[in-house]
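Here, each number is a calculation from the coordinates, and none is a lab measurement. Every value quoted in this text rests on a predicted model; they were computed, and no experiment measured them. For neighbour counting, all protein chains shown are included, and Cβ atoms are generated from backbone atoms with ideal geometry for every residue, glycine included.
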Amino acid sequence: VTGPLVIVGAGLAAVRVVSTCRDLGYTGPITVVGEEAELPYDRPPLSKGMLLGEGSGEEIRLATESDWQAWDVELLLGQPAVSLDPGARRVRLDDGTELGYERLVVATGAAPVELAAFADLDRVVYLRDLEDSLRLREALAERPRLGIVGGGFIGLEIAAAATELGCPVTVIEAAAEPLGPILGEELGGVIRAWHEEHGVEFLLGAPVASASGPGRVERIETAAGAGIDVDLAVVGVGARPNVGWLADSGLELHRGLSCDPRGRSSDPNVFGVGDAACRHFGEECVPSGHWTGAGEQARVVAATIVGEPTEPAPVDGYFWSDQYGKRMQFRGRVPAGAELHLLDGSYAERRFAVRCASAGEPCGLLSLDSPREFIRGSIELRRAALAPGVR
Ligand SMILES: Cc1cc2nc3c(=O)[nH]c(=O)nc-3n(C[C@H](O)[C@H](O)[C@H](O)COP(=O)(O)OP(=O)(O)OC[C@H]3O[C@@H](n4cnc5c(N)ncnc54)[C@H](O)[C@@H]3O)c2cc1C
């Protein structure tokens, strides 16, 4: 392709698509449209170092001004796209501007799922962007009693940062253990014990029923009748892909923009990448949701656009998370009844690598502060996944 490439969304995936296209020799015009007025930045620090006071936001930029100049990209920031006409190959922005394209990439990421119980209450934070993070950091400086709804990795990272800052923290989680839906109950329990050691309290198996003010959130009640008094609430119960602006486009939407394994949507000129997209491998639908996957998919989409042969990005659910100065890494899956085998360290010393197997075949890997064993285990996992009949 030589015609205009338009990328909607200006986050990690967009930056990777741009850099890879230029690296692979694409010389046509590129426009990046972003809803946020900020130059694209990295999100993982928002729930980690930023909350602990590390930096102001400048240091998490994904590319410098001179990178953007060298890539010769027209950046249209602070302007959301509002609709797409794939037949006419035009995307419309909220100020009425229309952009024509030869290829379009949807890289609009995801937004936090909101809970009705917290509508209209103050001192409730959903963490997705830099502004949210700076606001949360400011609020944590007052050492509030913090209620975190959702024991996923973002909720737990905030719990870790807030306890380090001296805030009393309670995590309210609908599942039986934090991270339970991903890691299973046994490993979720290991992670919970580590947080409890740092003073975090948990209400588990406890979907939120209501939150009361008036005005500021003051109390959170669970469906089981338990309740906690809070000065601040953070809600981290998952994200939904930002594809509302595609509702009338006629493109196939599922858990995001439906794409094939190389990121091509139901329209051959439109691609999806990162948190906004899901990829379909036969019957299986795989949303991204994590940093590494978004970057890998972006490289595949860029290569496909410029016509370079490429393999689809791996489907392994890899994520990392930093809590209490330690790195957790996970890849694969932990089906019900999986056997766990410790490869390194021990749960008690909070340094371990554990392999999960199903019917004798490795299927998942979790490590805490054990990066080398994680690499070794990943090689074994990949070998198992390549064996016939194992996915
Ligand atoms: C607080 C936080 C911590 C995280 N920590 C980790 C971690 O430790 N490990 C890990 O693996 N993953 C982590 N993630 C996930 C990871 O950051 C995401 O998977 C990654 O950012 C996805 O990149 P993306 O480009 O698809 O989306 P995003 O980074 O969300 O970028 C999408 C951009 O598109 C813009 N946009 C939305 N709608 C429109 C529109 N209509 N028009 C124009 N622009 C639009 C958005 O404003 C946004 O700037 C974290 C995410 C968050 C929020």
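Overview of values
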read-out	value
Burial ranking of peptide ranges 38-44, 55-61, 134-140, 271-277 (average Cβ count within 10 Å, highest at the top)	271-277, 38-44, 134-140, 55-61
Test item: Cα-centred dipole of the stretch 7-113, Lys/Arg +1 and Asp/Glu -1 on Cβ, debye	420
Modelled FRET efficiency - R0 56 Å, residue 380 with residue 201, Cβ distances, 0.05 increments	0.90
Of 213, 160, 203, farthest towards positive along the dipole that unit charges on Lys, Arg, Asp, Glu beta carbons give the stretch 148-217	213
Of 246, 226, 190, farthest towards positive along the dipole that unit charges on Lys, Arg, Asp, Glu beta carbons give the stretch 177-251	246
The stretch 207-326: projected area of the alpha-carbon convex hull, averaged over directions, in nm²	11.8
Pairwise label distance in nanometres, residue 351 with residue 2, each label 7 Å out on the Cα-Cβ vector	5.9
Listed residues 66, 249, 370, most fluctuating in the chain (Gaussian network, C-alpha, under 10 Å)	66
Computed over the stretch 254-391, Kirkwood Rh from alpha-carbon pairs, angstrom	16.2
Residue 359-residue 327 pseudo-label distance in nm [points 7 Å out on the Cα-to-Cβ vector]	3.4
Debye, to nearest 20: dipole size of the chain, +1 on Lys, Arg Cβ, -1 on Asp, Glu Cβ	880
Estimated vicinal HN-Hα couplings, Hz - the stretch 145-160 in sequence order (Karplus 6.51, -1.76, 1.60; Gly, Pro = x)	6, 10, x, 10, 9, x, x, x, 5, 5, x, 6, 5, 5, 4, 5
At R0 = 56 Å, FRET efficiency that the Cβ-Cβ distance of residue 176 and residue 58 yields, to 0.05	0.85
Degrees separating the helix 12-23 axis from the principal Cα axis of the chain, which is the longest one	40
Among 359, 313, 294 - extreme Cα towards positive end, dipole of the stretch 294-391, charges at beta-carbon	359
3J(HN,Hα) from dihedral phi, the stretch 300-309, Karplus parametrisation 6.51/-1.76/1.60, rounded to Hz, x for glycine, proline	5, 4, 4, 5, 5, 5, 8, x, 8, x
Ranked 368, 121, 127, criterion: other C-beta atoms within 10 Å, fewest first	121, 127, 368
Distance histogram for the stretch 1-49 (every C-alpha pair counted, 5 angstrom bins, percent rounded to whole numbers)	5, 19, 26, 21, 14, 9, 4, 2, 1
Separation of alpha-carbon centers, the stretch 305-354 and the stretch 237-304, rounded to whole Å	22
Cα-Cα pairs of the stretch 90-241 separated by more than 23 Å (percent)	40
For the chain, alpha-carbon Rg and Dmax in angstrom	21.6, 61
Derived scalar couplings ³J(HN,Hα) [the stretch 238-250; Karplus, 6.51 cos²θ - 1.76 cosθ + 1.60; whole Hz; x for Gly, Pro]	x, 9, 10, x, 7, 10, x, 5, 9, 3, 9, 7, x
Share, in percent, of DSSP beta bridges within the stretch 1-96 that are antiparallel, nearest 5	35
